[in-house]
Amino acid sequence: MCGITAYRGPTAAASRARNALERLEYRGYDSAGIAARRPDGSTMHARTLSGVAALAVVVGEEPADATTAAIGHTRWATHGEVSEANAHPLEDCGGRLYVVHNGIIDNADALRARLVGAGHRFATGVDSEVIVHLVEQAQRPGVGLGDALADAVTHLSGSWAVVVLDARSGALAATAHGSPLICAEAGGGTFFASDVGAIAPEVDEFRVLEDDDVVEVDAAGPRWHRSGGSCRPRGLWPVPRTALLASTGRHRDHMGNEIDEQPLIARRVLEALSPGIADGRLWRGLGLPSLDGIDRVAVLGCGTSLHAGRAVAGVFSRLGGMPTRTLVASEVAHEVWEPRTLVIAISQSGETADVLRALDSLPPRHGTVLALTNNTSSTLARRSDAVIDCLAGPKVGVAATKTFIAQVLTGVCVALSGLAAADRGDSACVDADLRALAATPDAVAAALDTWRGPCAQLAADHARASGFLFLGRGAGLVYAAEGALKLKELSYRWAEAHPAGELKHGPLALVTTGTPVFVVDNGDPRLDVDIAEVTARGGRVIRIGERVLNVGGVALHLPRTGPSWGPLESVIPLQMFARELALRLHRNVDKPRNLAKSVTVS
Ligand code: F6R
């Protein structure tokens, strides 16, 4: 998704804005740009389709980078084609104002027509350009940049996080409405960013702009106002300690390093949270109501976060015997909500518009919302009754891997703690789950070791396969679904996940000689029959998670009962296979086509 950075301070503004853009690259983008004010009042304005690295050349040409105010942007096209002209910062008619914008302006066409009628010249096809012309129109002698921006956004409908640079004065003004924007001060300068990770190495604390706050920064420093009057700056948040813990490792791509980091992430989550499970301290510490007062648990999210939610839901339903639903966030609008529902909203970024809209549709006094997020200062976190940090650290690869493991384990710890606090669940089953939980980091590490070689070989064997099936049953099904999602988003090959029992009701027609069929084996004996149905048609079964005992050369398949959240470690080979196949097909595994991190449009 689009990313915003801005800085006003004594020196090196362009370099700071550019470095911050580099830290936002992980969100996915198709063009990038920067505008900065030089001390002599002239402007540097550069845009590129060749990545943020290309901006380094332009910024590097600045003598000792004496720029004092700069704005930067990474764009992920929604309105208007991907082109250098459409990249932000966008310029007004007079070459004085520059704007970066995240979000969507719903009434851009009507505004554009009006502005053109008033004599404004548009240079691009993007909705965001109306903002810079509206600010230009509002800026008159005696009207400061902040007031001009506040006036401009009264004409908009949609969502926005905006920063404007007045290249003549060097002032910045920023505002937000339904799209995240933060502000921070350090070393005599003021920063803005759409994501704390962008400025985490530079600042210790930051403030989050609430909807319609306006922050203007000039030589006197930052001033906060809201519709005409001044207001107090919002409260300070510490930069989360995980914001700087980006994965490093032996792979050239971030995704490979993020996959490898998963045993460490699993240990980090368990060290932080498992001491609070058995006595229910973790649950109570979050201020959550007793599960005795809850009639239903509803878990919602999108994509991989939804899959993590399905795994977590298994703890409430299978172990706790509680009515539990998992909801696709973008489909929640017509849901009928029961009173006494605990809503668990799962979002890595905490800014996914579909998740936030889903919360909008909750009726008043619907019950409690727990946010499970990797961004504890996000909009989701601020709008929820309780928040738990999933502790994954910054993710750079667009495809979710380590955040999935972190979300499942965080959610499982919270759910187990809730059951313990309410004294629910069969004690033998609870004990078995606690043992399985403690063993997870080792199980994840073992899966990495076991599957590294085989996954590379499997990718070589299936490089020409046009489609893949993923099957599972019960608690294994969600991992099959996650494997299919990873494979399609990275390799651009068709991948479908189905409950194995549904095969004979349709999907079996897809199976022919050599069709690759991944089966997530959670120990359900009925899978043997499902597998036989596939092999009888020539399909090639790749069974993940089976436990086999070799007795005198005869393979005995052992039954097993997994934990209530299913065989989490089975996702490791599925992630690894998707990456290996994608690399073999020369895909960019960190930035899959058409996709972006932090989907702030619904
Ligand atoms: C898939 C992936 C997406 C996200 C989804 C939700 O690899 O990354 O499916 O999981 O867009 O994003 P968050 O978790 O930020 O709400």
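The values are calculated or read from the model by the stated rules, or taken from the named source; none is laboratory data. These figures come from a predicted structure and were not determined experimentally. Please note: Cβ atoms are built from the backbone with ideal geometry, for glycine as well, and neighbour counts cover all protein chains shown. The accessibility values were calculated without ligands, DNA or RNA, using every heavy atom of the protein model including side chains. Shrake-Rupley method; radii C 1.70, N 1.55, O 1.52, S 1.80 Å.
Ser290 to Val336: FRET efficiency via 1/(1 + (r/R0)^6), r the Cβ-Cβ distance, R0 30 Å, to the nearest 0.05?
Values: r = 24 Å, r/R0 = 0.81.
So the FRET efficiency works out to roughly 0.80.
In Å, what is the Rg of the alpha-carbon atoms in the stretch 150-214, and how long is Dmax?
Considering the stretch 150-214 through its Cα atoms, Rg and Dmax are 12.4, 36 Å.
Would you mind getting the accessible area per residue of the chain, heavy atoms of the protein chains only, 1.4 Å probe, in Å²?
Values: 23160 Å² over 602 residues.
Ligands and nucleic acids excluded, the figure is 38 Å² per residue.
Could you give the spread of the C-alpha atoms of the stretch 132-283 along their three principal axes, from largest to smallest, in whole angstroms?
The principal-axis extents, from largest down, are 62, 42, 34 Å.
Regarding the chain, what is the average projected area of its C-alpha convex hull, in nm²? Walk me through the numbers on the way to the answer.
Details: hull surface 114.1 nm².
Taking the Cα atoms of the chain, their convex hull projects to 28.5 nm² on average.
How big is the stretch 254-313 in terms of Cα radius of gyration and Dmax, in angstroms?
Gyration radius and largest Cα-Cα distance of the stretch 254-313: 14.9, 44 Å.
At a 1.4 Å probe, what is the % contribution of carbon and sulfur to the accessible area of the stretch 1-136?
49 percent
Which value, in debye to the nearest 20, describes the size of the charge dipole of the chain about its Cα centre when Lys and Arg Cβ atoms bear +1, Asp and Glu Cβ atoms bear -1, and nothing else is charged?
Values: 59 positive and 66 negative charges, 138 e Å.
Dipole magnitude for the chain comes out near 660 debye.
Starting from the Cα gyration tensor of the stretch 91-193, take the square roots of the eigenvalues, sort them a ≥ b ≥ c, and report rounded, prolate or oblate (rounded when a/c is under 1.5, otherwise prolate if a/b is larger than b/c, else oblate).
Details: a/c = 1.98, a/b = 1.35, b/c = 1.47.
It comes out oblate by the Cα gyration axes.
Using only Cα atoms, what is the ratio of the radius of gyration of the stretch 408-449 to 2.2 N^0.38 Å? The partial results should precede the final answer.
Numbers: Rg = 11.8 Å, N = 42, 2.2 N^0.38 = 9.1 Å.
Here the answer is 1.30, to two decimals.
Relative to the first principal axis of the alpha-carbon coordinates of the chain, what is the inclination of helix 108-117, with its axis defined by its Cα atoms, in degrees from 0 to 90 and to the nearest 10?
The helix 108-117 is inclined about 20 degrees to the chain.
Specify, per residue and in Å³, the volume enclosed by the convex hull of the alpha carbon atoms belonging to the stretch 408-526. Could you put the intermediate results ahead of the total?
Details: hull volume 16.6 nm³, N = 119.
With only Cα atoms used, the stretch 408-526 gives 140 Å³ per residue.
With everything on Cα atoms, drop me the angle between helix 402-421 and the longest principal axis of the chain, reported from 0 to 90° to the nearest 10.
70 degrees
Quantify, in whole percent, the carbon and sulfur part of the accessible surface of the stretch 351-428 (1.4 Å probe; protein heavy atoms only). Working shown, then result.
Values: 950 of 2100 Å².
Roughly 45 percent, rounded to a whole number.
What is the local net charge at Leu319, summed over the other residues whose Cβ is closer than 9 Å to its Cβ (Lys, Arg +1; Asp, Glu -1)? Could the numbers behind the result be given before it?
Details: positive: Arg318, Arg424; negative: Asp426, Asp433.
Once all neighbours under 9 Å are counted, the net charge is 0.
Taking only the alpha-carbon positions of the stretch 484-547 and ignoring solvent, what does the Debye formula give for the base-10 log of I(q)/I(0) at q = 0.21, 0.26 Å⁻¹?
-0.89, -1.26
Against the longest alpha carbon principal axis of the chain, how many degrees, from 0 to 90 and to the nearest 10, is the axis of helix 129-138 turned?
Helix 129-138 sits at roughly 30 degrees to that axis.
Placing one identical point scatterer on every Cα of the stretch 326-471 and ignoring solvent, what is log10 I(q)/I(0) from the Debye formula at q = 0.09, 0.18, 0.20, 0.21 Å⁻¹?
Taking Cα atoms of the stretch 326-471 as identical point scatterers yields -0.41, -1.17, -1.25, -1.29.
Could you give the dipole magnitude of the stretch 44-198 about its Cα centre, charging the beta-carbon of Lys and Arg +1 and that of Asp and Glu -1, in debye to the nearest 20?
The calculated dipole for the stretch 44-198 is roughly 260 debye.
Do me a favour and compute the ellipsoid semi-axes for the stretch 452-520 from its Cα gyration tensor, root of five times each eigenvalue, largest one first, whole Å. Please report the intermediate quantities before stating the final value.
Details: eigenvalues 73, 42, 24 Å².
Ellipsoid semi-axes (Å, largest first): 19, 15, 11.
Could you tally the net charge around Ala415, taking each other residue with its Cβ under 11 Å from the Cβ of Ala415, Lys/Arg +1 and Asp/Glu -1? The partial results should precede the final answer.
Numbers: positive: Arg318, Arg424; negative: Asp433.
Local net charge: +1.
Counting only Cα atoms, I'd like the Rg/Rh figure for the stretch 295-349, Kirkwood definition for Rh. Please report the intermediate quantities before stating the final value.
Details: Rg = 10.7 Å, Rh = 11.2 Å.
Rg/Rh for the stretch 295-349 comes to 0.95.
Show me, bin by bin at 5 Å from 0, the whole-percent P(r) of the stretch 282-406 based on Cα pairs.
P(r) for the stretch 282-406, in whole percents per bin: 2, 12, 22, 26, 22, 11, 4, 1, 0.
What does the C-alpha gyration tensor say about the overall shape of the stretch 29-173? Classify as rounded when a/c is under 1.5, otherwise prolate if a/b is larger than b/c, or oblate.
Working: a/c = 2.03, a/b = 1.23, b/c = 1.65.
Oblate.
Between Gln457 and Thr513, what FRET efficiency comes out of the Förster formula 1/(1 + (r/R0)^6) with R0 = 25 Å and r the beta carbon distance, rounded to 0.05? Can you show the working numbers first?
On the way: r = 20 Å, r/R0 = 0.78.
According to the calculation, E is roughly 0.80.
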